[in-house]
Amino acid sequence: MSAGGEAADVVYCLAQEQDFQQVLNICTPDDYNGLDYMAAFFHRWLQEPGRVVFIARIDGRVVALESALLVDGGQTAVLQGRRVVSDLRGSGIASALQTHVTNYVRRYYPEISAVRLSRGDNPSVKTLAKYRLIAKEAILSLCCEAVNLGSFITELRSKHPLHADSSCGPVTLSWRQAETLVLSDHVVSNLLPGKTIINDWEPLKPVEANLEVLQRRGLTWIVDREFEPAALSLGTPPYAVPYRHNAMRLNINIFGRSLTSVCAVFLAQLEAFLPSLKGYLVCHTYVDPGLWAGLRQFCQNDANVSFFKDYWEEVILETDL
């Protein structure tokens, strides 16, 4: 399986720390619009409980990677991180590696009954024939120098209806509050898309077994109000990406269908991260598709904050194993 279409022996094995540079060589500067997380996540993934990271080699060269995280109390494998070296894309190596990973999971974790994954594009008819659509989020992406973020927040605060009443505003939750709220009937039934907790492309069922996964992510949890919120948000700690030498990526997942409430927690998340942000910032905010246009209009500004990308979606897919 080579660039010329000739057969080649592919060796599959678990990734190790010394594979880091070869794994980075799989990725190109244009992958994920320059926002590839692999450099920031690879070492963490190798140490994470319940995760396996596989690579494929041809003639000793790392040519592909895929990871599986066991979630939902060991009932589901979430596939993440699929990467293929540029000269072998379209050769079938990705599918072969995915088959190897799922076979490994099936053999060593027989209690797993489903495989879930997320994609940032419209799934093909072929893909949808294999998977069922679980949930969907629309992504609003902004970019700016971090020094301009404060004036952006100030400008948006001036036009937000909650600004005039400081007693009625977002609440940052402790972990104890968050773990109770995210599993509550109100949040699960009314806020979560497809009854799924989605954190930075990682889809989890709202079950107690997944609380450990969420806790280790170091999230900032903000709601528009403490009891029966109309919007619940998860802010992922920013991490470095190759877009620019000083670029940071920030992801905010917001669940809820009230535009006013979503805007309120969006601003609160930005304020929470503001003191620690430096360099160039690319912020992805994931919301209900019906709110994307309203949030984009709300984010129009004179503070040198630009839209990084037009409308796009994250879709969560699942299939039985």
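The values are calculated or read from the model by the stated rules, or taken from the named source; none is laboratory data. Values in this document were obtained by computation on a predicted structure and should not be read as measured data. Backbone-built Cβ (ideal geometry, glycine too); neighbour counts: all protein chains shown. Note: accessible area is taken over every heavy atom of the protein model, side chains too, but ligands, DNA and RNA are not part of it. Shrake-Rupley method; radii C 1.70, N 1.55, O 1.52, S 1.80 Å.
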Calculate the spin-label point distance for residue 44 paired with residue 208, positioning each point 7 Å from the Cα along the beta-carbon direction, and give it in nanometres. 2.7
Counting only C-alpha contacts under 8 Å and six or more residues apart, can you give the relative contact order of region 136-314 as a whole percent? 39
So the carbon and sulfur contribution to the accessible area of the chain, 1.4 Å probe, in percent, is 50
Å² of accessible area per residue within region 11-112, as computed with a 1.4 Å probe and no ligands counted: 44
Note down the magnitude of the dipole of the chain about its Cα centre, charges +1 on Lys and Arg C-beta and -1 on Asp and Glu C-beta and zero elsewhere, to the nearest 20 debye. 200
Looking at the chain as a GNM with Cα springs under 10 Å, which of 13, 299, 144 has the largest mean-square fluctuation? 13
Give the lysines whose C-alpha is closer than 20 Å to that of residue 205, dropping any in the same chain fewer than 8 places away, or say none. 136, 195
What percentages, rounded to whole numbers, describe P(r) for region 11-112 computed over all alpha carbon pairs with 5 Å bin width beginning at zero? 2, 13, 25, 24, 20, 11, 4, 1
Once you sort the root eigenvalues of the Cα gyration tensor of region 277-321 as a ≥ b ≥ c, which label holds: rounded (a/c under 1.5), prolate (a/b larger than b/c) or oblate (the other case)? oblate
FRET efficiency, 1/(1 + (r/R0)^6) with R0 45 Å, evaluated for residue 109 and residue 257 via beta carbons: 0.80
Return the tail of the calculated pair distribution for the chain, meaning the percent of Cα-Cα pairs more than 33 Å apart. 27
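Give the dimensionless ratio obtained when the Cα radius of gyration of region 136-314 is divided by 2.2 N^0.38 Å.
0.97
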For region 136-314, report the accessible area per residue in Å² (1.4 Å probe, heavy atoms, rounded to an integer). 42
Picking from 43, 68, 287, whose Cα lies most toward the positive end of the charge dipole for the chain (charges on Cβ: Lys, Arg +1; Asp, Glu -1)? 68
Relative to the longest principal Cα axis of the chain, at what angle does helix 38-47 sit, 0 to 90 degrees, rounded to 10? 70
Taking R0 as 22 Å, what's the FRET efficiency between residue 158 and residue 33 from their Cβ-Cβ distance, rounded to 0.05? 0.10
Who wins for biggest fluctuation among 76, 260, 99 in a Gaussian network model of the chain, springs between alpha carbons below 10 Å? 99
How much length, in nm to one decimal, is gained on full extension between residue 171 and residue 320, taken as 0.36 nm per residue of separation minus their Cα-Cα distance? 49.8 nm
Rounded to the nearest 0.05, FRET efficiency between residue 95 and residue 244 (Cβ-Cβ, R0 25 Å) equals 0.15
Within straight-line cross-link reach of residue 159, lysines at Cα separation under 28 Å, skipping those fewer than 8 residues along the same chain: 278, 309
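Taking only the Cα atoms of region 101-209, how large is their convex hull per residue, in Å³? Spell out each step's value before the answer.
Working: hull volume 22.4 nm³, N = 109.
That works out to 205 Å³ per residue.
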